[in-house]
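Trainee: First the structure, which I've put down as structure tokens, then a few questions once you've had a look.
The values are calculated or read from the model by the stated rules, or taken from the named source; none is laboratory data. Predicted model, so just to flag it, every value in this text is computed and none were measured. Here the Cβ positions follow ideal geometry from the backbone for every residue, glycine too, while neighbour counts run over all protein chains shown.
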């Protein structure tokens with residue numbers, strides 16, 4: 001196919017030899033299958049900020065550190081330079097998270113670098129060498145659902161131990177190859193210690209995955225992994241090797257009505273976004 005304009009610089013630099021096909025187009029990027037030497041990889045071309053449909057991005061950027069003080073000031077002021085730097089930081093966040101999580105033992109695509117808004121990374125494939133399906137396109141037995149859910153909970157735990165919360169984890173952001181689940185789409189990953197929304201984002205991630213796997217293994221719907229994981233994290237007792245049970249004992253306290261109303265509103269907004277993600281997924285051309 002014709003080389004997209006954004007990928008042409010990578011071709012000129014010898015990082016990409018050929019663009020084979022478009023894999024998918026989502027709310028934040030378009031992904032292409034490319035050839036780099038003898039390797040088949042994928043190139044994720046991030047959409048410009050005004051063309052992305054990712055909602056409430058500011059919530060995810062809270063707490064992200066910018067080492068260069070000049071860049072930080074420009075981003076705060078919202079100047080053109082600052083907006084450019086904000087965009088670069090958004091794009092680089094994913095490759096940084098990929099390296100960080102791979103080192104933490106989380107299965108993610110291997111990154112090869114981000115070049116002018118194009119992330120070059122491993123193409124995850126199935127046993128036959130075809131592009132691995134997303135979790136929402138996969139059916140499974142109850143036993144498989146239980147095993148893969150336990151593995152995803154382990155990944156969530158390891159992410160948090162590495163200081164990150166995915167922030168948008170669902171059956172649409174997990175690929176399934178011959179070895180099991182692979183976590184993808186991480187530009188919105190949040191700093192667990194610095195972002196005030198990290199707790200409910202983690203709960204949403206865990207609940208999304210539990211609800212999906214619960215379609216095949218209903219007993220999962222009774223588990224309390226999100227509360228268990230976060231309680232261990234807050235207590236400083238969460239380690240990569242910490243066993244998880246899915247059980248959690250609530251400590252009853254006087255209700256905070258305003259907090260409850262905020263959670264209800266957040267749940268409503270998440271339901272609307274989830275409905276939109278399903279609609280977008282059904283419209284995508286693979």
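Trainee: Does residue 173 qualify as being without any contact (Cβ under 8 Å) to a residue 60 or more places away in the chain, within 27 Å of residue 91 (Cα to Cα) and out of contact with any strand residue (DSSP E or B) (no Cβ under 9 Å at 6 or more places or on another chain)?
Mentor: For residue 173, the condition - without any contact (Cβ under 8 Å) to a residue 60 or more places away in the chain, within 27 Å of residue 91 (Cα to Cα) and out of contact with any strand residue (DSSP E or B) (no Cβ under 9 Å at 6 or more places or on another chain) - is not met.
Trainee: Another question, then. State whether one or more residues within the range 42-55 are modelled with pLDDT of 95 or more, touching a strand residue (DSSP E or B) at 6+ places or on another chain (Cβ under 7 Å), surrounded by 11 or more Cβ atoms within 10 Å (Cβ to Cβ) and farther than 23 Å from residue 282 by Cα.
Mentor: No, the range 42-55 has no match at all.
Trainee: Could you list, ordered by first residue, the pairs with Cβ atoms under 7 Å in which the first is in the range 3-17 and under 17 Å from residue 33 (Cβ atoms) and the second is at pLDDT 95 or above and assigned to a helix (DSSP H, G or I), at least 6 apart or interchain?
Mentor: Once the first residue is under 17 Å from residue 33 (Cβ atoms) and sits in the range 3-17, its partners that are at pLDDT 95 or above and assigned to a helix (DSSP H, G or I) give 3/11; 16/10.
Trainee: Now, a different point. Output the number of residues of the range 1-18 satisfying the condition of being crowded, with 17+ Cβ neighbours inside 10 Å and touching a helix residue (DSSP H, G or I) at 6+ places or on another chain (Cβ under 8 Å).
Mentor: Number satisfying all stated conditions: 1.
Trainee: Tell me yes or no: at least one residue of the range 161-175 is over 11 Å from the mean Cα position of the chain (by Cα), at pLDDT 95 or above and part of a helix (DSSP H, G or I).
Mentor: So far as the range 161-175 goes, yes, one or more of its residues are over 11 Å from the mean Cα position of the chain (by Cα), at pLDDT 95 or above and part of a helix (DSSP H, G or I).
Trainee: Now for a separate question. Mind listing just one residue for me: the one in the range 111-137 that is part of a loop (DSSP other than H, G, I, E, B) and modelled with pLDDT of 95 or more and, of those, surrounded by the fewest Cβ atoms within 10 Å (Cβ to Cβ)?
Mentor: My answer is 133.
Trainee: Have a look at 186, 202, 215 and point out the one that is crowded, with 22+ Cβ neighbours inside 10 Å and assigned to a loop (DSSP other than H, G, I, E, B).
Mentor: 186 is the lone residue from the list that is crowded, with 22+ Cβ neighbours inside 10 Å and assigned to a loop (DSSP other than H, G, I, E, B).
Trainee: Are any of the residues in the range 179-202 without any contact (Cβ under 8 Å) to a residue 40 or more places away in the chain and in contact with a helix residue (DSSP H, G or I) (Cβ under 6 Å, 6 or more places away or on another chain)?
Mentor: yes
Trainee: Out of 73, 83, 67, which single residue is more than 24 Å from residue 215 (Cα to Cα), assigned to a loop (DSSP other than H, G, I, E, B) and modelled with pLDDT under 85?
Mentor: Selected residue: 67, the only one of 73, 83, 67 that is more than 24 Å from residue 215 (Cα to Cα), assigned to a loop (DSSP other than H, G, I, E, B) and modelled with pLDDT under 85.
Trainee: Quick one: which of 255, 271 is modelled with pLDDT under 85, out of contact with any helix residue (DSSP H, G or I) (no Cβ under 8 Å at 6 or more places or on another chain) and not in a loop (DSSP other than H, G, I, E, B)?
Mentor: 271
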